[in-house]
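For reference, the structure is listed below as structure tokens.
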Amino acid sequence: MKFAATVCLLVSVGAAGAAAAADPFYIGSWTFTAAVVAPWADPQRKPDDTERARLMGKTVVLKANEISGPRPFACAKPQYKVTDYGPDMIFQGAFDEMRRADKKADPKALAASLGFAGAPIRTLETGCEIDVHFVDDTTAEVGLNNYVYTLKKR
């Protein structure tokens, strides 16, 4: 009986150790699947479409010690930090800037228009040029040059 209890305990400890060693949810391959003109873009000027065309269908791979993918997403030494942001702080505070310029601009409504369902919004600060905002564990969005790009985890 002692032997069976010891085996069960060791199996439980082993399973807990394996769970603790699992990769964070954001590690893996993410593919650009869509892009929309960002809410903060000047409505009088259409953003340059060249970068959007170059990124569509491409993959960014978030690894523990590196981000690989097209410029400007590649990063040799990311310093990951997961933070919860309010809608006013995503996309480097763009929605808060919009609200300060026009009191009718509602950060919650702007975030909802991009698929974010409430707050807080889980954000991966990479320590590189780009922050990644998560709609859910398999859908992320990034802002770049007046576009909001959607990435899907593969």
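The values are calculated or read from the model by the stated rules, or taken from the named source; none is laboratory data. Model, not experiment: these values are computed from the prediction. Please note: Cβ atoms are built from the backbone with ideal geometry, for glycine as well, and neighbour counts cover all protein chains shown. Heavy atoms of the whole protein, side chains included, go into the accessibility calculation; ligands, DNA and RNA do not. Shrake-Rupley method; radii C 1.70, N 1.55, O 1.52, S 1.80 Å.
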Any residue at all in the stretch 50-60 that is modelled with pLDDT of 95 or more, within 30 Å of Gly118 (Cα to Cα), under 16 Å from the mean Cα position of the chain (by Cα) and open to solvent by 80 Å² or more (accessible area, probe 1.4 Å)?
yes
Given the conditions (1) at pLDDT 95 or above; (2) surrounded by fewer than 16 Cβ atoms within 10 Å (Cβ to Cβ), which single one is not true for Asn145?
(1)
Within the stretch 104-129, can you find the residues that are under 16 Å from Ile27 (Cβ atoms) and in a loop (DSSP other than H, G, I, E, B)?
Thr126, Gly127, Cys128
Here the residues within the stretch 72-92 that are among the polar types (S, T, N, Q) and either loosely packed, with under 11 Cβ neighbours inside 10 Å or more than 21 Å from Lys153 (Cα to Cα) (or both) are Gln79, Gln92
Exactly one of Gly69, Gly118 is on the phi > 0 side of the Ramachandran plot, open to solvent by less than 60 Å² (accessible area, probe 1.4 Å), small (Gly, Ala, Ser) and modelled with pLDDT under 95, and that residue is Gly118
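Per-residue answers, yes or no, for (1) touching a helix residue (DSSP H, G or I) at 6+ places or on another chain (Cβ under 6 Å); (2) closer than 15 Å to Phe32 by Cα:
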residue: Arg52; (1), (2): no, yes
residue: Gly57; (1), (2): no, yes
residue: Pro87; (1), (2): yes, no
residue: Pro107; (1), (2): yes, no
residue: Leu124; (1), (2): no, no
residue: Val142; (1), (2): no, yes
Name the pairs: first residue in the stretch 82-98 and under 15 Å from Ala41 (Cβ atoms), second residue open to solvent by less than 40 Å² (accessible area, probe 1.4 Å) and part of a helix (DSSP H, G or I), Cβ to Cβ under 6 Å, at least 6 apart or on different chains?
Phe95/Pro107; Phe95/Leu110
